[in-house]
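Engineer: What follows is a structure written as structure tokens; I'll ask about it next.
The values are calculated or read from the model by the stated rules, or taken from the named source; none is laboratory data. If you're wondering where the values come from, they're calculated on a predicted model, not measured in any experiment. Neighbour counts are summed over all protein chains in view; Cβ atoms, including those assigned to glycine, are modelled from backbone coordinates with ideal geometry. Areas reflect the complete protein model, heavy atoms only, side chains present, ligands, DNA and RNA absent. Shrake-Rupley method; radii C 1.70, N 1.55, O 1.52, S 1.80 Å.
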Amino acid sequence: MKSIRSIFKMGYGPSSSHTMGPSFAAVEFISDHPEADFVKVILYGSLAKTGKGHGTDRAVLETLADVKAEIVFDTETKLESHPNTIDFIAYKDGAECGRQRFFSIGGGEIRTEDSESLKPKEVYKEKSFAEIAELCKEQNIRLSDYVFEREGEDIKVFLFNVWKTMQNSIREGLSKRGLLPGGLSVERKAQFLYNQKHIDESPQTKENRLVCAYAFAVSEQNADCGIIVTAPTCGSCGVVPAVLKYMQDKKGFPDDDVIRALAVAGLIGNIVSTNASVSGAECGCQAEIGTACSMASAALCELFEMGIDQIEYAAEVAMEHHLGLTCDPVCGLVQIPCIERNAVAAMRAINALSLANFLYGSRKVSFDVVIETMYQTGKDLSHLYRETSEGGLAKLYSHE
């Protein structure tokens, strides 16, 4: 498996597959063709159908700002390779001087059609949770220790920066009010949620309110093209920071403990990305928000120093109860139902933590089996529910 750095990418929203990935591909392509004075970019599949709403054209054009560029949204061509496919064609003095096909596979990751050069270095020999758990139990180490051994001590510095960026996204999101861009007239709600304090508010209500406020804050920053951290994607970026922020404030966990939790969250996301997908265009929102919920629940278990079997149970429960979740963003914007969905998944992660504390010994389904099930379910989903905005809420919701 690759480094968990590929799971946590810091950058501008609103979509890891539709803005981060294409912009990274544009950087790679233009660096290979610096002589180009014109670049034609053709978007296919989900990128073509929801690219305008997600800002794919803006992200690519800004990246290619030093050359003249044209974006083509090809919604007719059917490709078997990957739903997020991009062709870059370079020209010099009117003549073609190079071309490359890229796939934006989710979480900001990109691949090329005919090269392995963009595949990140393999860091982990083990590829399943079962293999990793067996090794950790044999060596009597925690999952976070396993990550630190494989990644090296500098991963702690990286994760510290990830955590600071997540905290800043929450802080920025809570400080802002007004409408989000895109034409849906969606109002920012994070600050409103955070400030709705009542004298007789129960601890349970306060927990719901604060966790949701934090998740809304990050997701609204993402929707407004702010800086966030993919966890594992832009569309699901609010889940992990929301639960970690809440628990750190409530229990006083030091940053070092949060770094350990993030290491385990990254490992869970890495396992899903390796054996299935974190792309909504490939497997629906179960791949994005389901994985984020698994990451968050596993991180919470690590924070509370639970055992490996409890961590697996929490991650499994979190993913299992997102199976079949469709990706149907209204107008292709990462707003409806995406923002609320982050808050719901954050609360579900806390529920998974509680269940793992009591019931892990009775579990029947492994995390690896749930990952495989999610992937097969995603492949069985109609293309209407895989980030094309052609079905579900995107089809039936009227915003006029």
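Engineer: Over the range 192-307, with every protein chain in place, what whole percent of the accessible area is carbon and sulfur at 1.4 Å, could you tell me?
Structural biologist: With neighbouring chains kept in place, the figure for the range 192-307 is 48 percent.
Engineer: May I pose another question? Among (i) 2.01; (ii) 0.96; (iii) 1.25, only one was calculated for this model; which label is it, if the read-out is Cα Rg over 2.2 N^0.38 Å?
Structural biologist: Computing Cα Rg over 2.2 N^0.38 Å and matching it to (i) 2.01; (ii) 0.96; (iii) 1.25 gives (ii).
Engineer: I've got another one for you. Using the Karplus curve 6.51 cos²θ - 1.76 cosθ + 1.60 with θ = phi - 60°, what ³J(HN,Hα) values do you get for each residue of the range 265-282, in whole Hz, with x for Gly and Pro?
Structural biologist: Once θ is set to phi - 60°, the couplings for the range 265-282 become 4, x, 5, 4, x, 5, 4, 5, 4, 6, 9, 9, 6, 10, 9, x, 6, 9 Hz.
Engineer: Contact order normalised by length for the chain, with contacts defined as Cα pairs under 8 Å and 6 or more residues apart; what percent is it?
Structural biologist: 19 percent
Engineer: Moving on to the next point. Search the structure for amide H atoms under 5 Å from the amide H of Gly98, placed 1.01 Å from N in the peptide plane, and list their residues when 5 or more places away or on another chain.
Structural biologist: For Gly98, the qualifying residues are Ala90.
Engineer: Of Lys245/Lys379; Lys164/Lys251; Lys9/Lys125, which sit over 24 Å apart, Cα to Cα? Present the calculation step by step, with values, prior to reporting the outcome.
Structural biologist: Details: Lys245/Lys379 34 Å; Lys164/Lys251 18 Å; Lys9/Lys125 22 Å.
Violating the 24 Å limit, Cα to Cα: Lys245/Lys379.
Engineer: Can you grab the distance from the C-alpha centre of the range 238-305 to the C-alpha centre of the range 24-58, Å, no decimals?
Structural biologist: Cα centroid of the range 238-305 versus Cα centroid of the range 24-58: 30 Å apart.
Engineer: To continue, here is another question. Can you tell me how much longer the chain between Lys164 and Val72 gets when fully stretched, taken as 0.36 nm per residue apart minus their C-alpha distance, in nm with one decimal? Spell out each step's value before the answer.
Structural biologist: Details: separation 92, 0.36 × 92 = 33.12 nm, distance 3.75 nm.
That pair, Lys164 and Val72, stretches by 29.4 nm at full extension.
Engineer: Taking only DSSP H segments of four or more residues, each worth -39500 (n - 2.57), what value at 222 nm results for the chain once the sum is divided by all its residues, to the nearest 500 deg cm²/dmol?
Structural biologist: For the chain, the value works out to -16000 deg cm²/dmol.
Engineer: Ignoring everything but the protein chains, give the 1.4 Å probe accessible area of Arg142 in square angstrom, nearest 10.
Structural biologist: Per-residue accessible area (Arg142): approximately 70 Å².
Engineer: Of the heavy-atom accessible surface of the range 1-116 (probe 1.4 angstrom), what whole percent is carbon and sulfur?
Structural biologist: Result for the range 1-116: 49 percent of the exposed heavy-atom area is carbon or sulfur.
Engineer: Go through the range 16-33 residue by residue and turn each phi into a ³J(HN,Hα) via Karplus (6.51, -1.76, 1.60, θ = phi - 60°); whole Hz please, and just put x for glycine and proline.
Structural biologist: Along the range 16-33, the couplings run 5, 7, 9, 10, 4, x, x, 5, 5, 5, 5, 4, 4, 5, 5, 5, 7, 9 Hz.
Engineer: Using a Förster distance of 30 Å, how high is the FRET efficiency between Ser382 and Glu62, based on the Cβ-Cβ distance and rounded to 0.05?
Structural biologist: The formula returns an efficiency of 0.35 here.
Engineer: Count neighbours as other Cβ atoms within 10 Å of each site's Cβ, and list the GluC sites (Glu not before Pro) in the range 46-127 that are DSSP loop with at most 15 such neighbours. List each step's numbers first, then the result.
Structural biologist: Values: sites: Glu62, Glu70, Glu76, Glu80, Glu96, Glu109, Glu113, Glu116, Glu122, Glu126; in loops: Glu76, Glu80, Glu113, Glu116, Glu122, Glu126.
Filter output for the range 46-127: Glu76, Glu80, Glu113, Glu116, Glu122.
Engineer: Using only the alpha carbon atoms of the range 242-337, find the Kirkwood hydrodynamic radius as the inverse mean reciprocal pair distance, in angstroms to one decimal.
Structural biologist: The Cα-based Kirkwood calculation yields 14.0 Å.
Engineer: Right, here's the next one. Averaged per residue, what accessible surface does the range 330-369 expose to a 1.4 Å probe, in Å²?
Structural biologist: Heavy-atom accessible area per residue stands at 45 Å².
Engineer: Also: Mind giving me the FRET efficiency for Val157 and Glu305? R0 is 25 Å, r the Cβ-Cβ distance, nearest 0.05 is fine.
Structural biologist: Calculated transfer efficiency: 0.65.
Engineer: So what is the relative contact order for the range 155-283, in percent, with contacts set as C-alpha pairs under 8 Å and at least six apart?
Structural biologist: 25 percent
Engineer: To continue, here is another question. If a cysteine in the chain has no other Cys Cβ under 4.7 Å from its own Cβ, put it on the list, ordered by number.
Structural biologist: Singleton cysteines: Cys97, Cys136, Cys212, Cys225, Cys234, Cys237, Cys283, Cys293, Cys301, Cys331, Cys338.
Engineer: Could you please tell me the mean projected area of the C-alpha convex hull for the range 34-85, averaged over all directions and given in square nanometres to one decimal? Display every interim value, and only then the final one.
Structural biologist: Details: hull surface 15.2 nm².
Taking the Cα atoms of the range 34-85, their convex hull projects to 3.8 nm² on average.
Engineer: 5 Å is the cut-off here: which amide hydrogens, built 1.01 Å from N in the peptide plane, fall below it relative to Gly235, excluding neighbours closer than 5 in sequence?
Structural biologist: So Gly235 has HN proximity to Ser16.
Engineer: In nm, what is the difference between 0.36 nm times the number of residues separating Asp256 and Ser354 and their Cα-Cα distance?
Structural biologist: 33.0 nm
Engineer: Sticking with this one: If you average the sequence gap of Cα pairs under 8 Å that are 6 or more apart and divide by the length of the range 267-377, what percent do you get for the contact order?
Structural biologist: Computed value for the range 267-377: 36 percent relative contact order.
Engineer: Further, regarding this structure: Leaving out ligands and nucleic acids, note down the accessible area per residue over the range 25-91 with a 1.4 angstrom probe, in whole Å².
Structural biologist: Heavy-atom accessible area per residue stands at 44 Å².
Engineer: Using alpha-carbon positions, what is the distance between the centroids of the range 308-382 and the range 59-89, in Å?
Structural biologist: The distance from the Cα centre of the range 308-382 to that of the range 59-89 comes to 32 Å.
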